[in-house]
Every structure is written in structure tokens, then in C-alpha cells.
1. Residues being surrounded by fewer than 17 Cβ atoms within 10 Å (Cβ to Cβ) and part of a loop (DSSP other than H, G, I, E, B): count how many of those fall in the range 102-120.
2. Of all residues being surrounded by fewer than 18 Cβ atoms within 10 Å (Cβ to Cβ) and either among the polar types (S, T, N, Q) or touching a Cys at 6+ places or on another chain (Cβ under 6 Å) (or both) in the range 13-38, which is farthest from Asn59 (Cα to Cα)? Just the residue, please.
3. Can you name every one of the helices (runs of 4 or more DSSP H) wholly within the range 173-282 that holds 1 or more residues which are surrounded by 14 or more Cβ atoms within 10 Å (Cβ to Cβ) and free of Cβ contacts under 8 Å to residues at least 40 places away in the same chain?
4. With Asn287, Asn263, Asn269, Asn240 as the choices, which residue is modelled with pLDDT of 80 or more and of a type in the set (S, T, N, Q)?
5. Within the set of pairs 6 or more residues apart or between chains, which connect a residue that is closer than 17 Å to Leu158 by Cβ inside the range 134-148 to a residue that is part of a strand (DSSP E or B) and among the polar types (S, T, N, Q) with Cβ atoms less than 8 Å apart?
6. Just one of (1) at pLDDT 95 or above; (2) aliphatic (A, V, I, L, M); (3) out of contact with any strand residue (DSSP E or B) (no Cβ under 7 Å at 6 or more places or on another chain) trips up Leu201, so point out which.
7. Which numbered condition in (1) among the hydrophobic types (A, V, I, L, M, F, W, C); (2) touching a strand residue (DSSP E or B) at 6+ places or on another chain (Cβ under 7 Å); (3) closer than 18 Å to Ile43 by Cβ is the only one that Val131 fails?
Amino acid sequence: MIPLPELKKNKYNYGLYVVSTPIGNLNDVTLRALDLLSNSDFILCEDTRVSKKLLNRYNITANLISNHKFNEKKNIIKIINILKSNKIVSMISDAGTPGISDPGKLIINECIKKNINIYPIPGASAVTAAVSVSGFDEKHFFYGFFPEKKKDINRDLLKLSKLNSSIVFFVSPNKINKIIDDIKKFFKGRKILICREISKLYEEYSRFNVDDLKLYTKFPKGELTLVISENIEDKKKSINLSESDKQNIRKMIKTFSVKDIVNKITRDNEISKKEVYSYCLNIKKWN
């Protein structure tokens with residue numbers, strides 16, 4: 001590890017820095033994050049006890065301010081006044097990036113209103129880590145944690161089931177059994193990767209067909225990141241356009257939009273929308 005004193009060379013603008021911290025393994029922090037935290041006048045922490053484990057590991061001392069979902073609103077005036085006095089303020093969460101399923105959005109929006117500089121310090125992400133090992137479509141939609149009410153869960157899953165991309169969820173271990181039946185209902189025929197304790201000593205990656213999911217007999221330890229695949233059934237559709245389809249597309253391309261043509265051709269046929277779309281673009285390219 002490079003000693004921190006050798007890193008204390010950069011000068012930072014005054015403002016709020018949204019700093020990503022490790023999602024598990026404390027070695028997954030960036031050198032820039034360590035340097036910035038070392039040069040911060042104040043560090044906003046979701047839980048100071050958790051943050052001190054990281055800060056003590058790298059001998060970082062700074063004024064810590066507790067900033068979590070229960071006091072974030074009350075903290076706004078105090079923090080804005082600190083930022084207006086030309087201070088460098090870093091904001092970290094217990095793991096990952098503030099504002100992404102963690103506190104931070106309220107203060108960020110207030111900084112935007114007050115024209116206070118905001119800078120991101122990127123780092124480890126459970127979302128990209130999970131998608132990277134899923135083997136699913138790289139195009140993905142991040143949903144985050146499920147709401148409390150069953151009707152809200154079903155409403156959102158119905159909408160999400162219509163997306164033909166990977167979908168990422170965060171689930172606490174005591175809630176996983178509450179949503180398994182809903183996932184099976186709305187994502188039939190898809191695959192799922194369940195990640196537990198990403199980057200930690202006992203990290204685990206379990207792969208299933210959604211239809212084969214079963215309830216846990218006991219709550220798993222640690223938060224879970226779920227990745228549901230794109231619609232596998234869509235990939236099984238024929239990707240071959242018949243000559244009559246191609247002829248119809250060539251006629252329609254003069255008067256209809258590509259979107260309308262795709263919808264019309266695929267409405268009653270087992271043909272990939274991507275194939276129709278590509279064929280339309282190819283015609284436009286040469287006409």
C-alpha cells in the first residue's frame with residue numbers, strides 16, 4: 001500500500017464530495033478517495049462507528065458528522081453553512097455510494113439550489129459488480145430496495161417485467177422470502193443471479209432459473225444483490241425475416257417510422273424486434 005503522506009499533494013476545490021467507499025473488502029477503496037478524505041474538513045457518515053473502521057484502517061482523522069436517513073433533513077442547514085464557509089466536506093455511506101439507495105439526495109439537492117460545488121469520487125459498486133459476473137445483458141436497470149407494501153411491489157414488478165434488459169435489486173436478508181413468489185410470478189422463463197456478501201470473505205453467487213426459486217429455510221447472512229436476466233424467451237424467437245416481410249418493410253419505410261414498422265411486423269409474428277429494426281436501418285442507410 002502507498003503510504004498516505006505521499007498522496008497528500010492534490011489541492012481540492014471547496015464543496016461537497018460524494019465519495020464511494022468499499023462495499024465489503026476495505027482494500028477496494030481508491031487512492032483518490034483516501035487522499036480526498038484525508039484533506040476533508042468534515043466527513044458526513046451514515047454511521048460513524050462503521051465509517052471509523054475504514055478511516056482508522058488508513059489513519060485518517062477528520063471531524064465526523066453523523067448523517068443518516070433519520071437526521072439528514074435536520075442536518076441540511078448546518079451542513080450548508082459549513083459548505084458556504086469554504087470548507088471541503090466529504091459524504092460517505094456505510095458501503096458504496098451516497099445517494100444510491102443510501103442517504104445523500106436531500107443535501108445534494110440543497111447544494112444544487114445554493115450553487116455549491118458537488119463532485120463525485122467514484123469507486124466500488126454492488127450494481128456493476130453483480131452485473132459484470134451475471135452473464136446477462138450488459139444493458140441494465142437498477143431498481144434498488146423494494147417498497148414495504150405488497151401492492152407497491154406488484155405495481156413496480158409489473159412495469160419492470162416489460163423491460164427486456166437485466167434488472168438489479170437490493171434485498172435485505174429478512175425480506176428475501178417475501179418477494180420470491182412475486183419474482184416467480186412476473187419474471188417467468190428468466191434467469192437470476194443472487195449475490196451475497198460481495199467482496200467479503202464468504203461471498204457467494206447463486207444462479208437459478210427464476211421458475212426454480214425456492215424459499216430460504218433460514219435467513220441468509222448479509223444483504224443480497226439480485227440480477228434478473230433479460231427476457232430469455234425473446235431471444236428464442238426467430239430472427240429470420242421472410243422475403244414477404246422484407247418486401248413489406250421496403251414498402252412501409254417510405255411512409256412509416258421505424259418504430260411503427262417494428263411494432264407492426266412483430267405484432268403477430270415470432271420475429272425479433274432487433275432484427276426488424278436492423279433491417280429498417282440498413283434500408284435507410286442505402287436509400
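1. Residues that pass the stated criteria total 3.
2. Asn13
3. Working: elements: 176-186, 232-236, 243-252, 258-267.
Where helices (runs of 4 or more DSSP H) fall fully within the range 173-282 and carry at least 1 residues being surrounded by 14 or more Cβ atoms within 10 Å (Cβ to Cβ) and free of Cβ contacts under 8 Å to residues at least 40 places away in the same chain, they are 176-186, 243-252, 258-267.
4. Values: Asn287 fails: modelled with pLDDT of 80 or more; Asn269 fails: modelled with pLDDT of 80 or more; Asn240 fails: modelled with pLDDT of 80 or more.
Just a single option satisfies the conditions, and that option is Asn263.
5. Hits for this filter: Phe141/Ser166.
6. Single failed check for Leu201: (1).
7. (3)
Matching residues to (1) part of a helix (DSSP H, G or I); (2) surrounded by 16 or more Cβ atoms within 10 Å (Cβ to Cβ); (3) modelled with pLDDT under 95:
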site	(1), (2), (3)
Gly123	no, yes, no
Ala129	yes, yes, no
Glu138	no, no, yes
Phe141	no, no, no
Glu148	no, no, yes
Asp152	yes, no, no
Leu157	yes, yes, no
Lys162	no, no, yes
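The values are calculated or read from the model by the stated rules, or taken from the named source; none is laboratory data. As the structure is a prediction and not an experimental result, all values here were calculated from the model. No Cβ is skipped: glycine too gets one built from the backbone with ideal geometry, and neighbour counts run over all protein chains shown.
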